[in-house]
Each structure stands twice: as C-alpha cells, then as structure tokens.
Amino acid sequence: MEFILNLAQQIGYLGIISLMFLESSFFPFPSEVVMIPAGMLVAQGKMDIWMAIFMGILGSWLGALFNYYLALWLGRPFIARYGRYFFLPGKKFNKVETFFLKHGEISTFTGRLIPVIRQYISFPAGLARMNIVLFLLFTGLGAGLWVSILVFIGYGVGKNLEDISLDVVRNIWHQYSMEVTLLLLLFCALTIGIYTLWYRKSAIKKSADD
C-alpha cells in the first residue's frame with residue numbers, strides 16, 4: 001500500500017483515477033489512502049482542488065460502471081444458481097430487486113456514503129437494470145460528497161506537513177474517521193427519512209387521484 005501511495009503521488013491525477021476505480025469496484029482498497037494525500041498535495045500547491053475532486057469522482061464512476069456491467073453480464077441466472085452462497089437466495093433476491101426498482105436512486109446515493117456498501121451498491125443497480133443516466137447521476141452525487149470530504153480533510157491538515165506517508169495518512173484518518181462516519185450516517189438517516197415521507201405522500205396522493 002505504501003508503494004501504491006507513492007506511485008499515486010508520482011503519476012498525479014491519473015493515479016487518482018486509477019486508484020479510485022479500484023476503490024469503487026469490488027477490490028478492497030481504501031479511498032482514504034488516495035484522496036487525503038490528494039488534499040495534502042492541494043495544500044502544497046501541487047494539485048488543483050477541483051481537478052482532484054473531479055478525478056476522484058471520475059475514478060468512482062468508472063469503478064461503479066465496472067460493477068454495474070459485471071452484474072448486468074452475470075445477470076439473474078448467476079444469482080439463481082449461486083445466490084444462496086452470498087446470502088441471497090431466489091426469494092430474497094426478488095425482494096431486493098423489487099425494492100431497488102422502486103428506490104434505486106436514493107439507495108445508490110446513500111450507499112456511496114456508507115463504508116463497505118459503497119463498493120457493492122452498483123451490483124444491485126446492474127441486476128435491476130437501473131437507468132444508466134440516473135445511476136451515474138446519483139453515483140456521482142454520493143461519490144462527490146465522499147471524495148470532497150476526504151480532500152478537504154487532507155487540505156486542512158496538509159498546509160504544514162511535507163511528509164505524505166502511509167503512517168501520516170493513517171494518523172489523519174484515525175483522528176477524523178469516527179466523526180466523519182457518524183456525520184455521514186446521520187446525514188443518510190435524515191435523507192432516507194425525508195425521502196420516505198415524500199414517497200409516502202406521493203403514494204397517498206396517487207392513490208387518491210386514482
């Protein structure tokens with residue numbers, strides 16, 4: 001990981017895209033190791049903050065699309081045959097698919113903000129054949145918020161730090177991870193709560209019109 005971090009610093013924006021592609025797909029790679037150093041490089045005047053954020057979003061899009069089309073390619077026959085090995089037997093998968101068809105947008109957006117889930121939320125989107133434009137929109141919104149948080153953390157502590165090592169990044173993330181995670185979970189809960197109220201109100205109005 002130290003080698004990858006050093007490589008990312010050397011190849012700059014391309015490194016952000018490549019590593020965020022890995023992070024956004026199903027490879028177990030932490031985005032903190034990519035975007036916090038990017039924020040530190042911004043603080044040192046070696047990167048542009050908006051370019052760093054955009055490249056992080058672009059890498060997230062590419063990784064999410066990889067998962068989306070992988071799920072689309074594997075499709076329902078794969079789930080029907082192997083789903084039970086992933087705690088997703090046929091009946092449960094049908095419920096998940098139905099839920100995602102109705103609530104794919106909010107699920108994609110909030111899923112990008114929750115640890116572990118952010119790497120895998122694209123799979124049900126692909127299986128449910130979610131509209132690709134909406135998928136990219138809500139993936140971009142969620143990934144953009146997450147990437148921006150990490151970049152600004154790196155920027156905030158990187159003004160007086162020249163060393164960008166794995167230990168430094170770990171210490172920075174250890175200092176902020178609990179607060180950031182709790183705030184994001186609260187934000188997701190609030191967002192889902194507002195969405196639920198709106199959805200129920202819309203359903204009642206539609207039922208009354210019918």
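The values are calculated or read from the model by the stated rules, or taken from the named source; none is laboratory data. What you see is a predicted model, and the numbers here were worked out from it, not measured in a lab. Note: ideal-geometry Cβ built from the backbone for every residue, glycine included; neighbour counts use all protein chains shown.
Tabulated results
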item	result
Residue that is modelled with the highest pLDDT [pool: residues in the range 88-140 that are surrounded by 13 or more Cβ atoms within 10 Å (Cβ to Cβ) and hydroxyl-bearing (Ser, Thr, Tyr)]	Thr139
Members of the range 153-187 found to be part of a helix (DSSP H, G or I), over 22 Å from the mean Cα position of the chain (by Cα) and aliphatic (A, V, I, L, M), listed by number	Val157, Val168
Some residue of the range 105-126 being acidic (Asp, Glu) and touching a Leu at 6+ places or on another chain (Cβ under 9 Å)	yes
Flag if Thr139 is among the hydroxyl-bearing types (Ser, Thr, Tyr) and in contact with a Lys or Arg (Cβ under 9 Å, 6 or more places away or on another chain)	yes
